[in-house]
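No lab work stands behind these numbers, since they all come straight from the coordinates. Remember, predicted model here, so these are calculated numbers, not experimental data. FYI the Cβ positions are ideal-geometry reconstructions off the backbone, even for glycines, and counts take in every protein chain you see.
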Amino acid sequence: MSTLTIRAVAERAIAAYLGTLAAVGITPPTVRARQYAGQISIVRTGEQTAANAAFRLTDGTARIAAVTAISLWGEFVHLWDNSASMRDLHTLADALADVNDRATWTTTTATA
């Protein structure tokens, strides 16, 4: 496990989550990490619209990638809100990155 800061882990997870949704053709919601007075919070809007779009995807592989990313992201935010260990946050950020890699590879391969 690397020695990323908590903010870097959050930014990595956010990038993977948004990248997966974009790769499968879903308009990504607005997600940002903000720091104020030493506390980092995750601000999210538009996630329900993205989730609805994920379930309407007709391509099975794209649907699985999108729904998996949404599920992992929900777990990441839940653990974040409950001050989980860096190890748990790293694990979920890694899983989100893997889903993003698969979604990007699948959509790139399908269009090639």
Inset, instruction - For the chain, set up a Gaussian network in which alpha carbons nearer than 10 Å are linked by springs, and say which option among Ala93, Ala51, Ala66 fluctuates the most. - result: Ala51
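Would you mind getting the Kirkwood hydrodynamic radius of the stretch 1-51 from its Cα pairs, rounded to one decimal in Å?
12.0 Å
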Inset, instruction - Apply the Karplus parameterisation 6.51 cos²θ - 1.76 cosθ + 1.60, with θ equal to phi minus 60°, to every residue of the stretch 11-20 and state each ³J(HN,Hα) to the nearest whole Hz, in sequence, with x for glycine and proline. - result: 5, 5, 5, 4, 4, 5, 4, 5, x, 5
Legend entry - Near-label residues of the stretch 76-100 by backbone N, under 12 Å of a point 7 Å along Cα→Cβ of Ala15: 97
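What number results when the radius of gyration of the stretch 23-73, computed over Cα atoms, is divided by 2.2 N^0.38 Å?
1.35
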Inset, instruction - Between Ala69, Ala13, Ala53, find the one with the highest GNM mean-square fluctuation for the chain; connect C-alpha pairs within less than 10 Å. - result: Ala53
Inset, instruction - Assuming R0 = 35 Å, can you tell me the calculated FRET efficiency for the pair Ile40 and Trp105, based on Cβ-Cβ distance, to the nearest 0.05? - result: 0.70
Legend entry - Kirkwood Rh in Å, taken over all unlike Cα pairs in the chain: 14.2 Å
Inset, instruction - May I ask you to derive the relative contact order of the stretch 1-73, considering only C-alpha pairs under 8 Å and at least 6 residues apart, and to give it as an integer percent? - result: 28 percent
